[in-house]
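> Take this structure, written in structure tokens, and hold onto it; I'll ask about it next.
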Amino acid sequence: MQHIHSKDTSIELRLRRALWEKGYRYRKNDKRLPGTPDIALTKYKIAIFCDSEFFHGKDWEVLLKPRLEKGANSEFWIKKITRNMNRDDEVNKKLLFLGWSVIRFWGTDILKRPEECIRVIEETIFDLSIQNGQGVEK
């Protein structure tokens, strides 16, 4: 567990590099926002989280939880991951209440299809600019 980092993970670095190459500027790990988003596009009020599949419970009910129930120290891991998922929901609600859009990507999606993640971000920027009656600028 001591080797698990919360900042500058490989998935964050990959997405940040792709955003930078597209000309988007951002803040990383902005502590002023609930949940300290991995990437904050402050100009558009978009908070982006890069979630690992294990610690954030991807396919929780179908795959991960049954697998953990069979493994060692299952009570600890189920409690930990459940709390992480609940915290993710709480952070999403707080950010939405503050007027921010929240985007969460799974690590494998970022690593295998970063261009698709960028497209989702750009579509969100476009939708926000239409809602606000503004043009889209980087």
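> Could you check which residue among GLU115, GLU123, GLU61 shows the biggest mean-square fluctuation in a GNM of the chain with a 10 Å Cα cutoff?
Looking only at GLU115, GLU123, GLU61, the biggest GNM fluctuation is shown by GLU61.
> Just how large is the dipole of the chain about the Cα centre, in debye to the nearest 20, putting +1 at every Lys and Arg Cβ and -1 at every Asp and Glu Cβ?
Charge dipole of the chain: 460 debye, to the nearest 20.
> Computed from the coordinates I sent, Kirkwood radius over Cα pairs in Å equals one of [x] 17.9; [y] 16.1; [z] 14.7. Tell me the label.
[y]
> Once you charge only the Cβ atoms, +1 for Lys and Arg and -1 for Asp and Glu, what is the size of the charge dipole of the stretch 4-83 about its Cα centre, to the nearest 20 debye? The partial results should precede the final answer.
Details: 19 positive and 11 negative charges, 93 e Å.
It comes to approximately 440 debye.
> To continue, here is another question. Counting Lys +1, Arg +1, Asp -1, Glu -1, what net charge surrounds PRO66 among other residues with beta carbon under 14 Å of its beta carbon?
Counting the neighbours of PRO66, the net charge comes to +1.
> Same structure, new question: Considering the chain as a Gaussian network with a 10 Å cut-off on Cα pairs, which listed residue, ASN84, ASN29, ASN92, attains the greatest mean-square fluctuation?
ASN84
> Only helices at least 24 Å long along their own axis, judged from Cα atoms, and with Kyte-Doolittle mean hydropathy of -1.0 or greater: name those in the chain from DSSP H.
74-97, 114-131
Read-outs throughout are calculated quantities, based only on the coordinates presented, and are distinct from any laboratory measurement. Just so it is clear, the structure is predicted and the values come from calculations on it, not from any experiment. As a convention, Cβ positions derive from the backbone with ideal geometry for all residues, glycine included, and neighbour counts pool all protein chains shown.
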